[in-house]
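Here the structure is laid out as C-alpha cells; the discussion comes afterwards.
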Amino acid sequence: MSKKAVDDVTWQLEDLVDGGGPEQCDSLLADADRRAQALAATYSGKVAELDGSGLALAVAELAVISELVGRAGNYAQLRFAADTEAPANGALVARVQQLATAIETKLVFFELEWAELDDERAGQLLEADGLERARHYLQTIRRYRPHLLSEAEEKLIAEKAVTGRDAWSRLFSELTSAIRVELATEDGPVPLDQALSLLHSPQRDLRRGAAEAVTRALEPGLRTRAYLFNTLLQDKATDDRLRAYPTWLSSRNLSNEASDESVEALVEAVEAANELPRRWYRLKAKLLGLERIADYDRAAAIAEDDATVGWDEGKAVVLDAYRDFSPELGDLAARFFDQRWIDAPARPGKRGGAFCAYTVPSVHPYVMLNWTATRRDVMTLAHELGHGVHAALAIPRGIFEQHTPLTLCETASVFAETLVFRRLLEAADSPQSRLSLLAENIENSIATVFRQTAMNRFEEAVHTHRREQGELSIDDFGDHWQATQEELLGDAVEITPDYRCWWSYIPHFIGSPGYVYAYAYGQLLALSVYGQYLKQGEAFVPAYLEMLAAGGSRSPEELAKIAGLDLTDPGFWKSGLELVAAELEEAEAAADEVLTQRDD
C-alpha cells in the first residue's frame, strides 16, 4: 500500500508549458527570441543614455524574456531528470539549450553596458521607480565589472558552452543515471541511489557487500568520468584566467556575495572542529561493537529495528511539523502534494538524489525525491520542501530576486529539517529511540558541514593540481580524495581501498564547481536561525517568514539581520558549531544509557 502510494506521487510538469507539451517549448522560446531581438534593436549601445524610467522598462522586458526561457528550460530539464534514458528527453534538453543560448547572446550587451556605467550615474538610475524587484540584481551585476569580457567574447563563450561545458555536464548525468549496481539479492541490478541506501542498514555484511558492489559498478566508467572531470577542470581554469579571477573559487564566492577571506574563515573554522565527527565515529564504533568503523559503516543504523516510514506517514510528519511552526507555512507545503509539484518514486533512469527546482515566479517550484521509505527520506522531504516554500514565498520578488545566493539557499531547508527532527525526538520514548534519532541528525550535520568542507578541500586540490601539474590520472583523483577524507576522519574511520573512486559520482563537482561549501554555510546559519527561534518562540515566526519572502533582494548580511544574526561577527561560525557539539553531548548521554542497559 505504501509502495503504491508513493508510486502515484509524480509531478505535473505541464504547468510550465500551459499543457502544450514539448512543442510548447518551441513557442515559448520563439516568443522570447522575438522579444530579445526587439530589445536589442531598441537598447543595444544605448544603455548609457537611458533615464530611470527607460531603465525600468528595459529591465521589465528582460524579466518577461527570462520567464519565457526559464519555463521552457525548466520543463526540459525536469523531464530529463525524471527519465534520463529517454532519447526524446535528451534531445529536448539539447534543443532548448541551443535556442536559449541564441537568445542569451542577443542580450549580452545589456549587462556589459550596465556594468560599464560610472558609479555615480548608476547610483542615480537605481533610485528610479519601477526597479523595486530588480535593484539588488542590478547592483550585483556591477560587482562583476572587473571580470567581464567584450560583447563579442561573451557571446562566443555563451555559444560554445552548449557543445562544451553544458554538454559534458549532461553526459555526466546520463552516465551516472545509467549506472546499475549488481547486489547479492534477487532484485537484480538497481540504480546507484538504491544501492547507496543500503549503507544505512544495521547489518554490516549487507553494508560491506553494498559498498563493494557500488565500487564494482563505478569502475567500468571511471576512466571516462575522470577524463570528463579533467576537461571541465581545464575549462574552468581557462575561464578564470580570461576573466582574471585570482583563485579557482573566486567566481563562486562572487556569485555567493561572499569574500574569499570569509569563505576561508568558514572552512578553517569547520576543519578546526573535525574532532567532533571523529568523536562521534569513535562512539559509533562502540555502539556497533567494533574496534573501528570503516567508511561503509559511517551511515549504519545503530539499531536492528531501525524504522521504515511509509509515504503517507512521512508526509503527515513533515506537514504537521510545518503547521505547528506556522499554519501559513504548513498550508503552503501542503500545496506541493495537492497540486502535484513532487515526483517521489525511485525509478530506473531517474536522476539520483533529491532537489528543488525554483523554476520561474509565474509558475511554482517542483521537488524531486528518490523515496526508499527510510526515516532519512522523511528528513530529505522536509529539506526539499524547505527549499520549496522558500521559493514560493519569494515569488513576489520576481525572476531576478527570487533566488538567494547559494550561501543562504540552504537556510530554509535545514531549518525545516531541524523542526521535523525535534518533533520526532520529542516523541521518542526510550534512550534507544532518542539515540537513533540523534545519530541520524548528527550524521546529517557531519555530512552537510564537515563532509562538504572536506569535499571543498578535494575540489581545491584537484583544481590546483590541474592548473599547476596538468591532467590528473585516476590515481591522482583517488589520492586527493583519500587525503582530504583522512584529514576529516583521522584515525576514527578506516578508509578502504574501494572508497578511492567514490568521488566519481558526485554531480556538484561537475555542474557546480565550488558549490559544496555553501552547504556548510547554510547548515551553520540555519542552526543559528533555529537557536533564535528557541529563544524567541512564536514571536520569531514573522521575522523568519519575512527573511524567506525577501528572496535574494538583499545581501546575505542584510537578510540574516532580519533574523537577528550578524554574519560579520568572526565568532559566528563557532556558535553554529557549538550547537552541533551540544547535540553530540545529548547523543553521548543517550548512548551511556543504552550501553548500560546492554551490560545489565
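We did not get these values from a lab; they are worked out from the coordinates using the rules stated. This one's a predicted model, so the numbers in the text were calculated from it and none came from an experiment. Because the Cβ atoms are built from the backbone with ideal geometry, glycine has one as well, and the counts that use them run over all protein chains shown.
So if a site counts as exposed when it's one of the GluC sites (Glu not before Pro), its DSSP state isn't H, G, I, E or B, and it has at most 16 other Cβ atoms within 10 Å, what's the longest stretch of the chain without one?
305-470
Quick one: Debye curve from the C-alpha atoms of the chain, no solvent, what's log10 I(q)/I(0) at q = 0.05, 0.09 Å⁻¹?
After summing over all Cα pairs, the log10 values are -0.21, -0.73.
Taking other Cβ within 10 Å of each residue's Cβ, how do Arg292, Arg279 sort, fewest first?
Arg292, Arg279
Gain in length, Gln532 to Arg121, computed as 0.36 nm per residue apart minus the alpha-carbon separation, to one decimal in nm?
Difference between extended and current length: 143.9 nm.
Viscosity 1.567 mPa s, temperature 4 °C: give me the Stokes-Einstein translational D for region 9-163 in µm²/s, with Rh taken as the Kirkwood radius over C-alpha pairs.
Numbers: Rh = 16.9 Å.
So the translational diffusion coefficient is about 77 µm²/s.
With viscosity set to 0.692 mPa s and temperature to 37 °C, compute the Stokes-Einstein D of region 399-517, Rh being the Kirkwood radius across alpha carbon pairs; µm²/s, no decimals.
The estimated diffusion coefficient comes to 195 µm²/s.
Restricting to Cα pairs below 8 Å that are 6+ residues apart, what does the relative contact order work out to for the chain? Please round to a whole percent.
18
If I model a spin label at Glu585 and Arg243 as a point 7 Å from the Cα along the Cα→Cβ vector, what separation in nanometres do I get?
4.4
Taking neighbour Cβ counts within 10 Å as the exposure measure, how do Leu385, Leu406, Leu171, Leu131 sort from fewest upward?
By the 10 Å Cβ count, ascending: Leu171, Leu131, Leu406, Leu385.
List Cys25, Cys501 from most exposed to least, where exposure is judged by having the fewest other Cβ atoms within 10 Å. Display every interim value, and only then the final one.
Details: Cys25 25, Cys501 19.
Placing the least packed residue first, the sequence is Cys501, Cys25.
Rounded to two decimal places and with Rh computed the Kirkwood way over Cα pairs, what is Rg over Rh for region 450-600? Don't skip to the answer; put the middle values down first.
Values: Rg = 20.1 Å, Rh = 18.7 Å.
Radius of gyration relative to Kirkwood radius: 1.08.
Using the structure shown, select from Lys315/Lys350; Lys315/Lys574; Lys46/Lys561 the pairs with a Cα to Cα distance greater than 29 angstrom.
Lys315/Lys574; Lys46/Lys561
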